[in-house]
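Chemist: The structure follows.
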Amino acid sequence: MKKSNLLIFLLLPLFCLAQSTLKLKGKVSNETAGLEWADVSVFNSEGKIIDGTTTKQDGSFEINLKKGTYKITISLLGYSEYEKEISIEKDTDLGIIILKETTTNLGEVVIQTKKKTVEQKIDRVVYNVENNISVTGGDALTAINTAPGVVVQNNVINILGKGASRVMIDGRMIELSGEELNSYLKSISANDIKSIEVIANPPAKYEANGTGGIINIILKKGIRDSWKNATTISYDQNKYGIYTLRNSFFYNKNKFRFAFSGNGRIGNTNNTEDLDIYYPTGLWELRDVSKQKENSISGRFSLDYDVSDKTTIGFQYLNESYNPDMNSNTVISIFNNSNSIDSVLINKGFNNKYSGSQTYNTHLISKLDSIGRKVSVDVDYFTYDSKFDKNFTAKSYLPDGTYQNTNQAARNNSNQNIDNFSLKADFEYPMKAVNLSYGGKVSFVKSNSDVFYYNTISGSEVLDPNQSNVFEYKENNQAVYLNGNKKINDKISVQLGFRLENTQTNGYSATLDQEVKNDYLKLFPSLYLDYQLNDNHGFNFTYGKRINRPGFGLLNPFRSYINSNSYSEGNPFLRPSFSNNFDFTYSFKKNLRTNIFFNKNTNGYGVVFTSNPEINTQIVTRENYFDESSFGIGESYSAEVTNWFETQTSVYLLGSKTSFISNINAVPSNSAQVYFTTENSFSLSETTKLQLEYFYSSPFKKGLYEIGYMAGLNIAIRQSFLKNNLQLTFLVNDIFNTSYLKDYKSIVNGVVQVYSQNESNRFVRLSATYNFGNKKIKVQERDFGNKEEKKRTGK
């Protein structure tokens, strides 16, 4: 599509005439008098807020709307929420609306209603993190792992049955994956998260990259006309200790909104790895124990200003740095075919690691008229730097401890820099027949990385050019989308979207003088059908086509040494994979959900653990090697059973069928998997809350790999003081130390490899959080202090 045509397409609604408006008014009251400061929100048929105001001193309000059908909600702290669907054909007066009180006074204590922990939307599941006390003092990665249907395993975030998922923060994609993404998420406090959206089949508005769907983290914005500060101090104890200090400040008055948060973490974790490799000459039994630093510092700043009643501008900045330096001690026992130890190889090494990122965003949101048409523009810049410098020495000993020789000594140094710039424009254009939204995005990504290998066995560094490389990767993407939704009647809603993406990639190895280019144009449709038979029964169907592009680090062809007998290397010839995803959900009373899904993944790529029996070396590579069908059924129950007991429980039965499409010397194997998780909260008293969490994953086989069982039991208790301003939380995580990756098995080239890893999953945490602020800053205007922001975030 030519640029001129794209520009006309994006700016079309700016030339449309606004339609006439009608008045909607009413008065909000309790049993005796009008209620001031009640929030009145108007939602369109898609469920997005399009307008709103607050009631005046006498409880009255007035909003201008176009003809159509809307949902009106009225809320005020301490009162039950009012909700009603209305059809506006003329000026409408709702009369006096009575709100009922929901608070119960018990001496000094007030118990208030709260949002449901899990909410089902037409295209996503919303998980309200603030209801989970076990994540207090934790980070965003911990919070994601508690979301329904989401599992974090081996540095990969998965929606069950879908595969690796991408992560957004406030609707903005994070261009990281694997270990880099996890370290970034650890810099964000769980206390700053309002909710997590699990989007298995993302709408056309979002990027099509990521076969496993999208996890969208919604950060807290602050309460209207208030300021608030929250400080959390926590201490984690595993084998070593970790101290964490987090502080968040929110200010919201009139047209001005400001937020700042800072996080600091210092301490160490104990990591253990076990790897058994059954070479033809005998077993190699690897045991590694390492002490890893967990030092990090991060900060977030955001500012929004209402230039007028229709236009808001804003700026956001996130910064994080992480230093996971690590001392490692690897002992490899080398057996012969008689199962006797021939020799022992001891690797001692130090990893000097650093990663840091900075995220900048400026945005503008403007209402085009009073009927819900609006435009939003985002300009984003993201930069990420990582450094890895490993020195290691491998010495060989006889079984009795007699020194034989120095097998290998080396320094492996690598650096990576990622720069991403993007410009995005989105338009919402509600009409009588259908609500349209459309827009476009351009994105430019550049990744520079280098690997240098120095042989140090002589005592000085000698560069080995055959194991060194400079690699440059560029990826440009242009996309346009069109999405339409319509509420056909009170029971049926339909949403259909199309996203067209044009992508150019270029990978260049300066050392090899090798260049790999790709250029492809793809269409990605999405479909959502929602049928609410009545208050008890609801049905939801979604379909989406997705693409999964290889991460930048996977494309670098040169090797990075794990230890003297194990190295990892990328593949510049990796191609993207594609998936077609189908989901069907039945909900009963909005508490019990049955989900059935089927996903077809083609040209899939992943890690392959191979080996070279001639030199007894493990090689970790990446290849496009499989096609796979994944399917399953899940049952989830989320409810406030009594006023003192709330539960969120799920059980999934998962399966898959895999076929290999490359000449990999292995046989695919598949079996069923059972995954069970339950999170239960108990109010022991007005100020004491107990939470029990448990998960179990059965052993299963999938394609190239077999994975052993995992399970974990967590207990957390929170005690509140000073009218809930001070909270002390005590957490025991993974009580029985069974939640780590174990028995991760593959057989390639006839060589069996079995791997296990425990990254200090069992620990105890004590945290204290103190909240203070002012919930009623005097304001001059009666309209939403953060109305534009609410609309931008879809609340």
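Chemist: PHE392 fails exactly one of the following numbered conditions: (1) under 20 Å from GLY314 (Cβ atoms); (2) modelled with pLDDT under 90. What is the number of that condition?
Modeler: (1)
Chemist: From the list GLU646, GLU614, which residue is over 24 Å from the mean Cα position of the chain (by Cα) and surrounded by 19 or more Cβ atoms within 10 Å (Cβ to Cβ)?
Modeler: That would be GLU646, the only listed residue that is over 24 Å from the mean Cα position of the chain (by Cα) and surrounded by 19 or more Cβ atoms within 10 Å (Cβ to Cβ).
Chemist: Those residues that are over 20 Å from GLY149 (Cβ atoms) and assigned to a strand (DSSP E or B), I need them from the range 662-688; list them, please.
Modeler: Taking the range 662-688 as the starting set, the residues that turn out to be over 20 Å from GLY149 (Cβ atoms) are 662-671, 682-688.
Across the range 662-688, the qualifying residues are SER669, ASN670, PHE682, SER683, THR688.
Chemist: Just name the residue that is farthest from ASN412 (Cα to Cα) out of those in the range 329-377 that are more than 30 Å from the chain's Cα centre (by Cα) and among the small types (Gly, Ala, Ser).
Modeler: SER370
Chemist: Do you know which residues across the range 67-86 are under 20 Å from ARG373 (Cβ atoms) and either touching a Leu at 6+ places or on another chain (Cβ under 7 Å) or of a type in the set (S, T, N, Q) (or both)?
Modeler: If the condition is that a residue be under 20 Å from ARG373 (Cβ atoms) and either touching a Leu at 6+ places or on another chain (Cβ under 7 Å) or of a type in the set (S, T, N, Q) (or both), then LYS67, THR69 are the ones that fit.
Chemist: Can you tell me which residue in the range 669-699 is nearest to ASN733 (Cα to Cα), limited to those that are hydrophobic (A, V, I, L, M, F, W, C) and under 25 Å from the mean Cα position of the chain (by Cα)? Can you show your working first?
Modeler: Taking the range 669-699 as the starting set, the residues that turn out to be hydrophobic (A, V, I, L, M, F, W, C) are 672, 674, 676, 682, 684, 690, 692, 695.
From the residues that got through so far, the ones that are under 25 Å from the mean Cα position of the chain (by Cα) too are 674, 676, 692, 695.
Details: VAL674: 22, PHE676: 17, LEU692: 10, PHE695: 12 Å.
Among residues in the range 669-699 that are hydrophobic (A, V, I, L, M, F, W, C) and under 25 Å from the mean Cα position of the chain (by Cα), the one nearest to ASN733 (Cα to Cα) is LEU692.
Chemist: Identify, from the list LEU653, LEU722, LEU731, the residue that is at pLDDT 95 or above and either under 30 Å from VAL608 (Cβ atoms) or surrounded by fewer than 17 Cβ atoms within 10 Å (Cβ to Cβ) (or both).
Modeler: LEU653 is the lone residue from the list that is at pLDDT 95 or above and either under 30 Å from VAL608 (Cβ atoms) or surrounded by fewer than 17 Cβ atoms within 10 Å (Cβ to Cβ) (or both).
Chemist: Then there is this: For the range 117-152, name all the residues that are assigned to a helix (DSSP H, G or I), at pLDDT 85 or above, buried (at least 24 other Cβ atoms within 10 Å of the Cβ) and out of contact with any Lys or Arg (no Cβ under 8 Å at 6 or more places or on another chain).
Modeler: Listed by number, the residues that qualify are ALA143, ILE144.
Chemist: What number of residues within the range 379-404 are among the polar types (S, T, N, Q) and exposed (fewer than 15 other Cβ atoms within 10 Å of the Cβ)?
Modeler: From the range 379-404, those among the polar types (S, T, N, Q) are 383, 386, 391, 393, 396, 402, 404; that's our starting set.
Filter once more, keeping what is exposed (fewer than 15 other Cβ atoms within 10 Å of the Cβ): 402, 404.
The total comes to 2.
Chemist: Can you tell me which residues in the range 483-512 are surrounded by 15 or more Cβ atoms within 10 Å (Cβ to Cβ) and of a type in the set (A, V, I, L, M, F, W, C)?
Modeler: VAL494, LEU496, PHE498, LEU500 - these are the residues of the range 483-512 that are surrounded by 15 or more Cβ atoms within 10 Å (Cβ to Cβ) and of a type in the set (A, V, I, L, M, F, W, C).
Chemist: Among the residues of the range 541-555, are any over 23 Å from the mean Cα position of the chain (by Cα), surrounded by fewer than 22 Cβ atoms within 10 Å (Cβ to Cβ) and either part of a loop (DSSP other than H, G, I, E, B) or not assigned by TED's automatic domain parsing to the domain that holds ASN417 (or both)?
Modeler: So far as the range 541-555 goes, no, none of its residues is over 23 Å from the mean Cα position of the chain (by Cα), surrounded by fewer than 22 Cβ atoms within 10 Å (Cβ to Cβ) and either part of a loop (DSSP other than H, G, I, E, B) or not assigned by TED's automatic domain parsing to the domain that holds ASN417 (or both).
Chemist: Follow-up question, since we're still on this one. Anything in the range 307-320 that is surrounded by fewer than 17 Cβ atoms within 10 Å (Cβ to Cβ) and either within 19 Å of ASN405 (Cβ to Cβ) or of a type outside the set (Asp, Glu) (or both)? List them, or say none.
Modeler: Step one: filter the range 307-320 for residues surrounded by fewer than 17 Cβ atoms within 10 Å (Cβ to Cβ), giving 307-311, 313, 315, 317, 319.
Selection gives VAL307, SER308, LYS310, THR311, ILE313, PHE315, TYR317, ASN319.
Chemist: So which of SER460, SER447, SER493, SER443 ends up being in contact with a helix residue (DSSP H, G or I) (Cβ under 7 Å, 6 or more places away or on another chain) and modelled with pLDDT of 90 or more?
Modeler: Result of the check over SER460, SER447, SER493, SER443: SER447.
Chemist: Of these, GLY222, GLY210, which one is farther than 30 Å from VAL307 by Cα, modelled with pLDDT under 90, buried (at least 18 other Cβ atoms within 10 Å of the Cβ) and assigned by TED's automatic domain parsing to the domain that holds LEU741?
Modeler: Working: GLY222 fails: farther than 30 Å from VAL307 by Cα.
Checking each option against the conditions leaves just GLY210.
Chemist: Any idea how many residues of the range 250-286 are farther than 30 Å from PHE301 by Cβ and not in a strand (DSSP E or B)?
Modeler: 2
Chemist: Still on this structure, I have one more. Take the range 267-290 and flag every residue that is of a type in the set (A, V, I, L, M) and under 15 Å from ASN347 (Cβ atoms).
Modeler: LEU275, ILE277, LEU286, VAL289
The values are calculated or read from the model by the stated rules, or taken from the named source; none is laboratory data. Computed from a predicted structure; not experimentally measured. As a convention, Cβ positions derive from the backbone with ideal geometry for all residues, glycine included, and neighbour counts pool all protein chains shown.
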